1. Quick check on segment A:4-20. Is at least one of its residues more than 9 Å from every other protein chain (Cβ to nearest Cβ) and modelled with pLDDT under 90?
2. In segment A:29-62, how many residues are farther than 30 Å from residue A:19 by Cα and in contact with a His (Cβ under 7 Å, 6 or more places away or on another chain)?
3. Any residue at all in segment A:341-357 that is modelled with pLDDT of 95 or more and in a helix (DSSP H, G or I)?
4. What's the number of the only condition in (1) in contact with a Ser or Thr (Cβ under 8 Å, 6 or more places away or on another chain); (2) facing another protein chain (nearest Cβ under 8 Å) that residue A:38 fails to meet?
5. How about segment A:299-337: which of its residues are of a type outside the set (A, V, I, L, M) and in contact with a Ser or Thr (Cβ under 7 Å, 6 or more places away or on another chain)?
6. What residue, among those in segment B:2-19 that are facing chain A (nearest Cβ under 7 Å) and under 15 Å from residue B:147 (Cβ atoms), is surrounded by the fewest Cβ atoms within 10 Å (Cβ to Cβ)?
7. How many of the residues making up segment B:190-214 are hydrophobic (A, V, I, L, M, F, W, C), surrounded by 20 or more Cβ atoms within 10 Å (Cβ to Cβ) and either within 14 Å of chain A (Cβ to nearest Cβ) or touching a residue at least 60 places away in the same chain (Cβ under 8 Å) (or both)?
8. Going through segment A:63-77 one residue at a time, which ones are part of a loop (DSSP other than H, G, I, E, B), within 12 Å of chain B (Cβ to nearest Cβ) and under 26 Å from residue A:344 (Cβ atoms)?
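The values are calculated or read from the model by the stated rules, or taken from the named source; none is laboratory data. Because the structure is a prediction, the values reported are computed rather than measured. Note that we place each Cβ from the backbone using ideal geometry, even for glycine, and neighbour counts take in every protein chain shown.
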Amino acid sequence: MQYTVLEPLRWQDRPARISVEEADGRLNAYYQITVPWQVSRMCLGRPVEEIPRILPILSPAHHIVSAMTLDRLFQVEPPPLAVNMRQALISTQYFVHHMRKLYFLFCSQIDPFREYHIRGNDSGKPFVSSRVLDAMMHGVALAEEAATILGGRPEHPVSVVPGGVGRFLKPPHYERLAEIAEQSLKRAMEAARAFHERFVNGSEISTGILELHLEPVASLALSRDMSHILVTDEAGNEKAPIPPESVFETVGLHFEPWTYQPFAYFLEKDWKGPEEGMERFFVVGSLARLNTGRPYDHSLAETERQLLLSTLGSPPHFSLIAAFWSLVTELIDSAESMKEQFTQEKLTGPAIRSVPVTMGERGFASMESPEGFIAHRYEVNDQGLVQSIQVLDAASENNAVRCAIARAVIEASRSGTVERDRTKAMIEVSLLPF
Amino acid sequence: MPKRRVAIYSATGCSACDNSILGLHYQVGAFTGWAEIVFWPYLRGDSWQVLEDDRQIDVCFFCGSIATEEDRHAALRLRAAARVLVACGACAAFGGLPGLVNLIPADPTEMSTSSQDTWPPLPRAKSRVSGLPGIVPVDYFVPGCPPTQPLLWACFQALVSGGESQIRASFSAARLPEAISTAVAAGVLPPHGSTFAGEKAVCASCCRAKEEKKFSRLYRGHELDPDAGRCLLEQGLICQGLATREGCGGLCTAVGVPCRGCFGKAEAVYDAGAKMVSAISSTFDAAEAGQASEMAARFVDLAGTFYRYTLAEQCALLAGASEERNDAIHGS
């Protein structure tokens, strides 16, 4: 029996490692999240209106879906201005998330901090020039500024409240948001150009870094009108859509003793770990949105998507290049959305919030976050204190895929003479878009 | 002058602090002129092996709370390796949101039963989450969830540049307490134990005006659309600005939502919860005992509200709480 541990893994939201076990020619690779995230213990007993301020620790989008859950619980409709401000905030979250992922990809073979110091010196062999990396992070900073205007804070927003948002914008905000939208689109197109030069038209596909193909798996994403959950199987066939409200009756969570991250899986099939095949699992996020065939409303993003499809073929896609490319298309789409949404006309209105006058017993909401489909369900007592909470997050949904990726990279490395550090780097890059 | 050797580590947290440090990208060009980042698992994938030589770390920024045995060992190891240890963010400084789990026992259906006995082993979860000061002595604090970039930058200048920063008398540094800003400007270390934030309460920098200092009804957050520009507490919303250290500039109150204390208690406050109860009691305009009782009944989840980010380290009633004591309380 031989044991190997690859840690720590770069760019993971929570500390993670890969543990490898080899015996008699059989290999097991475990993707382990090594810190607990006890959401129920944090939320039970809290006043339910406070949950949107606690759950953003999972990701910024959980702030918005939590407030949407409270809209249902309190039976209020947010005014159009609040809906627009929420959508604008979501666009900034997509932009920041996707741009940061691409930044990590582009500097995956260098130490970005060292590179900043020796700017102009090409000894680090970055995938793209320091100027492009600078431009990308400038784009992140601008989008975070927009997120601060719209959400109060970028990483853990606070301004979305039950029934609306917390404040009106002011004239200087409109001007600044318009500037940011303009700049963000330029940054997105620049990142897309760099991606094409190095990974699509360049040599990186053929030299290996994005060659990996996932084991085919179902894809799950919310429809654009949010009325139903789209599921395509591993061959790309559409399955019966799932009403969002019944997602917790369709998807279960399973805990293993070797990781703090649960596995989301289709309840219609008995639990078996990812080492037994992927038929009961699914992928969420940009690749799943690509595979469920969601066209874009915006021209540049749709052009990019069509280019992806003409280059790589029709969905479903399970290659790493498709996963990163789908991030690029959504980055462009988010920037175009910001241009469309960051206007005084869209962000002005007579009311920002509908004040609830009644409270139900339970609330549910779901949305497509940058990371993938997320859903919340709360039950409260007559004081409005949380009695039970269910949260479906993208990290749990992609957990099985992450395990499968780790195993695939380890197996590929074992067959050749790949060094341990190189194997770890390949796993890190492979996990990045999920 | 040799570059300072800098480590950045994340225990149980959400990576927002790492991303805030990464977001200092405009300053990084200057930063790496005087600092060499030698250990940053999140961004560089550094293993503990890089700390195995005898060279000390000059400054370590520790993010995240202590929720597992592995977090605890990391705190001990980095304390031993670093000349200066900084608790970066609310989780490291006070336990943060993960500290809320200390209010109720573990839910076995939510958390897997971590195991050291089977392959692959998983770090054992502690029954009580704590902040970094609950495990090792801490030299400096940068509070916030996550810390704001101006304060982070001021801290980097103060602790890492060693007087070499050309922009050390920056706006952000000038807004710090006098002892810290003077030290930053002079290129010497600020007083031990300093917090890179303001000294007064959030109210001092909140954009909302206090007028009557009285309110006659307590509202839950969803029950009121507050007037713009007027103190939220005066309008009957529980806002913790008066007990919380300033430095954020009133980010939350500016967008119409009450402060929840992610910068920890203000310098002059002994216990944030006691301060809030006292302040609300004295601000509530009740003519009769019945009115006061009715109002008191509307207070819910005091511990989870007043110690939202600080339960693990700044609640006076839990001071000195240990994992063993927590186990005894919860009967586990």
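1. Yes.
2. 2
3. yes
4. So residue A:38 meets the others, but not (1).
5. First, pick out the residues of segment A:299-337 that are of a type outside the set (A, V, I, L, M): A:299, A:302-306, A:310-311, A:313-319, A:324-326, A:329-330, A:333-334, A:336-337.
Passing the criteria: A:304, A:305, A:316, A:326, A:330, A:334, A:337.
6. The qualifying residue surrounded by the fewest Cβ atoms within 10 Å (Cβ to Cβ) is B:19.
7. Going residue by residue through segment B:190-214, those that are hydrophobic (A, V, I, L, M, F, W, C) are B:196-197, B:201-204, B:206-207, B:209.
Keeping just the survivors that are surrounded by 20 or more Cβ atoms within 10 Å (Cβ to Cβ) gives B:196-197, B:201-203, B:206.
After this cut, where a residue has to be either within 14 Å of chain A (Cβ to nearest Cβ) or touching a residue at least 60 places away in the same chain (Cβ under 8 Å) (or both) as well, the list is B:197, B:201-202, B:206.
Qualifying residue count for the region: 4.
8. A:76
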